[in-house]
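Visitor: Structure provided below as structure tokens; questions to follow.
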Amino acid sequence: MTNNEILVKVEGVSKKFSRDLKKSLWYGLKDISGAMLGIKPTKKLRKTEFWAVRDISFTLKRGECIGLIGHNGAGKSTLLKILNGLIPPDEGRIEMTGRISALIELGAGFNPILTGRENIYNNGAVLGFSQAEIDAKIDEIIEFSEISDFIDTPVQNYSSGMKVRLGFAVAAQMEPDVLIIDEVLAVGDLGFVLKCFNRIDSLLQNSALIFVSHSMPQVARICSQVVLMDKGLAKYQGTNVSEGIDQYYSKFTTENSMSFHGDGARLQKVSLNNILIDPANYFIQLKRLRDLTISIEIAINKEILTPEISLGFFDKEMRSIANFIREESAEKLKNDGSVVKVKVTIPRVQFSKGIYSIALSISNRRGGKVIYRQQSIAQFQVIAEHHVWASFQLDGIMEQV
Amino acid sequence: MTTKNLKVIIYQPNASNAAFFASLLAIIKDIKPAHELAVRLFIRDIKAQYRQSFLGFFWVLIPPLLTAGLWIFLNNNRIVNVGETDIPYPLFVMIGTMLWQMFAESVNQPLASVKSNKSMLTKINFPREALLLSGFYTITFNLGPKLLVLAAACYAFDIQWNVSQLYFPLGILMVCLIGFAIGLILTPIGLLINDVARGIGVILPFAMYLTPVIYPAPTTTGYFAFLMQYNPVAILITASRGWLSGQVSSIPHEFMSVSSITLLFLLIGVLAYRISMPIITERFGG
């Protein structure tokens, strides 16, 4: 087997869509009649149309994986449909070599009334397996799905995770040259997701993989190149996966939340590393392992003499990943009735690549009741070389002893 | 594994002048996998349908039996007078409604088959003709109980075995195919616009009364007789009924011409379906 075979060649592919349903149907009727009569369709945009995919090109060899990333509606799924041969491109050309399999929807062809076992045959047939092939593989499929106890139960009684398991177990039997995967691994429990990835890893050795995902750790883990799509265009394209992921994350910062509860305090000013955070400038970038200083100015009700201030850190998926609480004695932080100004310094931030938000919480005394809480007072993006699953990447040294 | 055995697929903007020819080749190439998938889908649908039902087959028979029963009642009580028939009226109307039901189901089947698998169309690349084939297998399967009823009716009315009855299967085939061809040609538009399915639902029962299903074709001249003469379904049904009851012993030439036109339209329908499916898939979204 040579590793230099180009299996996928995409050249300047574009696709247009109509925003308006009635117009879209009308254009559809016109296109159908045009296609019957062999009339070449117009390349120009018609009224209400826009380019859902614009001028995308890449090549992919055996053993390589390309990640298509971008926010919802960036054109990733449309591009996948074109690559899968479901819809033709309006411009450009795609050349695919070998067997193509797509994991776009797991469990296609399932009928809820029928049992898991029967649906293995249905799903397998839709994916192009013959009856004999499935007969030969059925035990392996059931074992992989880990739901053998329920295999003769109607699929309508399955949980969505179980359906995904069964669907993936069938799809995992494919031995494609080109594999297209779209976001299907989002469901299912962690154990199964890892199992799926092991299977994909072993498939990847012999195939070219096109991977769409919103999970950057997954993309970082398996992709050798990425295309960051925005409004149909490739905003970033290249083999520096980290760079693509950084750009993806920076598109994703949202304004800091203004929502809070409690009226004993009012947040007046936040700065990160001496940069003032305001609606126009709501996040900063920070190199990994650099210091982060958080300066906060708060007006607190003057009856609260010794307020307590603490911070929480959340990742993009809104998981709480770290807290900051004061270690000094309670009396050291006093409220004299004017504005309370504090500065928190966090040395050598060990967060991994990604976007993080800071939550602020104030109580009337240490261990007392919360008088103020704001989920996101500021955000920062950690820039790093590597992309890892966990939010924390510990700073340490490994030595051979 | 080397590149030399791997097939290369090219996707590019459609609509070249060779679209028809290329599509025809592609359809022929896909027949075998399409058939395999169609059989699977057919088994799936039938199993699911009957597993969730106690009366099962009964539902295939109810519509034609009710129609037949109603007209036998109306005619026996002289509420309406459909005129003289060559064979006993109950048998006449029974054969007629069964044949009409086969036709009506065939018209509805292609659109229904494709629509019920809509979600698959936007996600999976499989031979699209499989949906049509599985629809056709369903029609064939549903013929079973109808033929049993017809056999029982023939026995009850003491119809003698006759060589011309050998033509009857051909009649059934053409009745189904003309329905299927009509349904198929409407399918691409029907997938985009819901009005088509509704329109079929409204027009079909009405069309039954313009076809000699429950009354014999008028032999006199006049506007109505003219209509009967050029109603292709009327030609097929009349000939088929004649064969089964032993009244007609050859293939009428109108039957031949209607059949040829049906086959031609069926071919056009299959091609139109293949060519329009990508365009429809893109409008479905999802």
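Visitor: Looking only at segment A:92-101, decide whether some residue is in the same structural domain as A:LEU166 (by TED's automatic domain parsing), modelled with pLDDT under 90 and acidic (Asp, Glu).
Guide: Checking segment A:92-101: not a single residue is in the same structural domain as A:LEU166 (by TED's automatic domain parsing), modelled with pLDDT under 90 and acidic (Asp, Glu).
Visitor: Here's something else I'd like to know. B:GLY135 is checked against (1) crowded, with 20+ Cβ neighbours inside 10 Å; (2) free of Cβ contacts under 8 Å to residues at least 24 places away in the same chain; (3) not hydrophobic (A, V, I, L, M, F, W, C) and fails just one. What number does that condition carry?
Guide: (2)
Visitor: How many residues does segment B:246-260 hold that are of a type outside the set (Asp, Glu), in contact with a helix residue (DSSP H, G or I) (Cβ under 7 Å, 6 or more places away or on another chain) and part of a helix (DSSP H, G or I)?
Guide: Qualifying residue count for the region: 3.
Visitor: Condition check: of a type outside the set (Lys, Arg), surrounded by fewer than 18 Cβ atoms within 10 Å (Cβ to Cβ) and under 25 Å from the mean Cα position of the chain (by Cα). Does A:ASP55 satisfy that?
Guide: Yes; evaluated as a whole, the condition is true for this residue.
Visitor: Could you tell me which of the residues A:ALA74, A:ALA108, A:ALA132, A:ALA125 is surrounded by fewer than 16 Cβ atoms within 10 Å (Cβ to Cβ) and aliphatic (A, V, I, L, M)?
Guide: That would be A:ALA132, the only listed residue that is surrounded by fewer than 16 Cβ atoms within 10 Å (Cβ to Cβ) and aliphatic (A, V, I, L, M).
Visitor: Does A:LEU114 count as closer than 30 Å to A:ALA35 by Cα, crowded, with 18+ Cβ neighbours inside 10 Å and within 11 Å of chain B (Cβ to nearest Cβ)?
Guide: Against the criterion (closer than 30 Å to A:ALA35 by Cα, crowded, with 18+ Cβ neighbours inside 10 Å and within 11 Å of chain B (Cβ to nearest Cβ)), A:LEU114 does not qualify.
Visitor: Mind checking which pairs have a first residue in segment A:22-40 that is more than 10 Å from B:ILE189 (Cβ to Cβ) and a second that is at pLDDT below 85 and in a helix (DSSP H, G or I), Cβ under 8 Å, 6 or more apart or different chains?
Guide: Close Cβ pairs satisfying both conditions: A:SER24/B:ARG283; A:ALA35/B:ALA19; A:MET36/B:ALA19; A:GLY38/B:ALA19; A:GLY38/B:PHE20; A:LYS40/A:GLY34.
Visitor: Let me ask something else. Pairs please, first residue from segment B:274-286 and modelled with pLDDT of 85 or more, second anywhere and assigned to a helix (DSSP H, G or I) and of a type in the set (Val, Ile, Thr), Cβ atoms under 7 Å, 6+ apart in sequence or on different chains.
Guide: Short answer, once both residue conditions are applied: B:ARG274/B:ILE27; B:SER276/A:ILE32; B:ILE279/A:ILE32.
Visitor: Quick one: B:ASP86 ticks every box in (1) at pLDDT below 90; (2) of a type in the set (D, E, K, R); (3) buried (at least 19 other Cβ atoms within 10 Å of the Cβ) except a single one, so which number is it?
Guide: Only one criterion in (1) at pLDDT below 90; (2) of a type in the set (D, E, K, R); (3) buried (at least 19 other Cβ atoms within 10 Å of the Cβ) is unmet by B:ASP86, namely (3).
Visitor: Now for a separate question. Answer yes or no: is there a residue in segment A:82-89 that is assigned to a loop (DSSP other than H, G, I, E, B), touching a residue at least 60 places away in the same chain (Cβ under 8 Å), farther than 27 Å from B:PRO188 by Cα and within 12 Å of another protein chain (Cβ to nearest Cβ).
Guide: Checked against the condition, which is being assigned to a loop (DSSP other than H, G, I, E, B), touching a residue at least 60 places away in the same chain (Cβ under 8 Å), farther than 27 Å from B:PRO188 by Cα and within 12 Å of another protein chain (Cβ to nearest Cβ), segment A:82-89 yields no hits at all.
Visitor: Only one of (1) more than 9 Å from chain B (Cβ to nearest Cβ); (2) in contact with an Asp or Glu (Cβ under 7 Å, 6 or more places away or on another chain); (3) at pLDDT 90 or above; (4) at negative phi is not met by A:LEU7, so which one is it?
Guide: So the condition that A:LEU7 fails would be (1).
Residues checked against (1) modelled with pLDDT of 85 or more; (2) part of a helix (DSSP H, G or I); (3) under 19 Å from B:ARG40 (Cα atoms):
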| position | (1), (2), (3) |
| --- | --- |
| A:ALA132 | yes, yes, yes |
| A:ASP135 | yes, yes, yes |
| A:ASP152 | yes, no, yes |
| A:LYS163 | yes, yes, no |
| A:GLU175 | yes, no, no |
| A:ILE180 | yes, no, no |
| A:LYS195 | no, yes, no |
| A:LEU209 | yes, no, no |
| A:ALA220 | no, yes, no |
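This table checks each residue for (1) outside the structural domain of A:LEU204 (by TED's automatic domain parsing); (2) over 23 Å from A:LEU209 (Cβ atoms); (3) among the charged types (D, E, K, R); (4) buried (at least 18 other Cβ atoms within 10 Å of the Cβ).
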| position | (1), (2), (3), (4) |
| --- | --- |
| A:PHE144 | no, no, no, yes |
| A:THR153 | no, yes, no, no |
| A:MET162 | no, yes, no, yes |
| A:ALA169 | no, no, no, yes |
| A:GLN173 | no, no, no, yes |
| A:LEU179 | no, no, no, yes |
| A:ASP182 | no, no, yes, yes |
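Visitor: Would you check if A:GLY109 is outside any strand (DSSP E or B) and at the interface with chain B (Cβ under 7 Å from one of its Cβ atoms)?
Guide: yes
Yes or no, residue by residue, for (1) surrounded by 20 or more Cβ atoms within 10 Å (Cβ to Cβ); (2) away from every other protein chain (no Cβ under 14 Å); (3) of a type outside the set (Gly, Ala, Ser); (4) in a helix (DSSP H, G or I):
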residue	(1), (2), (3), (4)
B:SER113	yes, no, no, yes
B:SER119	no, no, no, yes
B:ALA130	yes, no, no, yes
B:PHE141	no, yes, yes, yes
B:LYS146	yes, yes, yes, yes
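Visitor: Of the numbered conditions (1) surrounded by fewer than 24 Cβ atoms within 10 Å (Cβ to Cβ); (2) in contact (Cβ under 8 Å) with a residue 40 or more places away in the chain; (3) closer than 19 Å to A:LEU233 by Cβ; (4) within 14 Å of another protein chain (Cβ to nearest Cβ), A:GLY63 satisfies every one except a single condition; which is it?
Guide: The failed condition is (3).
Visitor: Can you list residue pairs whose Cβ atoms sit under 7 Å apart, with the first residue in segment B:37-53 being more than 8 Å from every other protein chain (Cβ to nearest Cβ) and the second being surrounded by 15 or more Cβ atoms within 10 Å (Cβ to Cβ) and small (Gly, Ala, Ser)? Count only pairs 6 or more apart in sequence or on different chains.
Guide: These pairs meet every condition: B:ALA38/B:ALA130; B:ALA38/B:SER134; B:PHE42/B:SER134.
Visitor: Can you name every residue in segment B:24-76 that is among the β-branched types (Val, Ile, Thr) and under 30 Å from B:SER276 (Cα atoms)?
Guide: Within segment B:24-76, B:ILE27, B:ILE28, B:ILE31, B:VAL39, B:ILE43, B:ILE46 qualify.
The values are calculated or read from the model by the stated rules, or taken from the named source; none is laboratory data. Remember, it's a predicted structure, so these values are computed and weren't measured experimentally. Ideal geometry is used to build each Cβ from the backbone, glycine not excepted, and the neighbour counts take in all protein chains shown.
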